[in-house]
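Here the structure is laid out as structure tokens; the discussion comes afterwards.
The values are calculated or read from the model by the stated rules, or taken from the named source; none is laboratory data. Keep in mind that this is a model prediction, so the values were computed, not measured. FYI the Cβ positions are ideal-geometry reconstructions off the backbone, even for glycines, and counts take in every protein chain you see. With ligands, DNA and RNA removed, areas are computed over all heavy atoms of the protein, side chains included. Shrake-Rupley method; radii C 1.70, N 1.55, O 1.52, S 1.80 Å.
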Amino acid sequence: MWRRALLGLGAVSITLLLHVGPAKAAVSESISLPPGSNPNDIVAPPPGSGITDLFFTMSGTHKIGRLNPATGQVVQTYDLPGTAGTDRGVDGITFGPDNNLWYAEPLGRRIGRLIVTGPQAGQITEFAQTTGGAALQGNPAYLTRGPGTTLWFTEPTGIGIGRDTIGMIDTANPNAGITEYSVGGTGILRMAQP
């Protein structure tokens, strides 16, 4: 049984570290991806979700990949909306409290949702409006689950010098908009996943 997966930071491969059996003997396996994929982040499904595959970002090709850890095969890729050159790049990926996959698009200044199960599986929706109806001011990056039905993310860079923000989206009502909170400063702000 797999317990943990780590993403290789190489440009065209994912390296899985699998822990098997009670002795937890480690097995390492590399999976080749198309040139330019630039795999970045990887996430395992939440316990009890019924989802068994791992999902990972492919920043270079603007896709999300779905990997079966039992076979080591990429079973599906999802093309994300956007325009080459301006919106490319997906960074940050997590499962929300709704058991959907959520990701950040820093260059496109959007948060996206990918439905991975049920009759709407494969449907992608992106959100770029704040609760006041304005465009996001920052470049969303790392996401994590918050209390209740919320997701929180960092915006390490934004419009204007010193514009570091943290954002929040309610997965139960994402069309209501994204709330941004300024934290000031000019450093890089990152949020770790639990």
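Each residue of the range 42-57 was assigned a 3J(HN,Hα) from its phi angle through the Karplus expression (A = 6.51, B = -1.76, C = 1.60, θ = phi - 60°), giving 9, 9, 8, x, x, x, x, 7, x, 8, 10, 7, 9, 10, 9, 8 Hz with x at Gly and Pro.
Once both labels are positioned 7 Å from their Cα atoms along Cα-to-Cβ, the gap between D98 and M168 label points is 1.7 nm. Surface composition of the range 94-150: carbon and sulfur atoms hold 52% of the protein heavy-atom accessible area at a 1.4 Å probe.
Annotation: amide H-H contacts under 5 Å for T165 (H modelled 1.01 Å from N, sequence separation of 5 or more, or interchain): E155, V183.
Per-residue Karplus couplings for the range 97-104, computed as 6.51 cos²θ - 1.76 cosθ + 1.60 with θ equal to phi - 60°, are listed in order as x, 8, 6, 9, 8, 10, 9, 10 Hz, Gly and Pro entered as x.
For an R0 of 41 angstrom, estimate the FRET efficiency from the Cβ-Cβ distance between A121 and T179 and round to the nearest 0.05.
Working: r = 28 Å, r/R0 = 0.69.
FRET efficiency, A121 to T179: 0.90.
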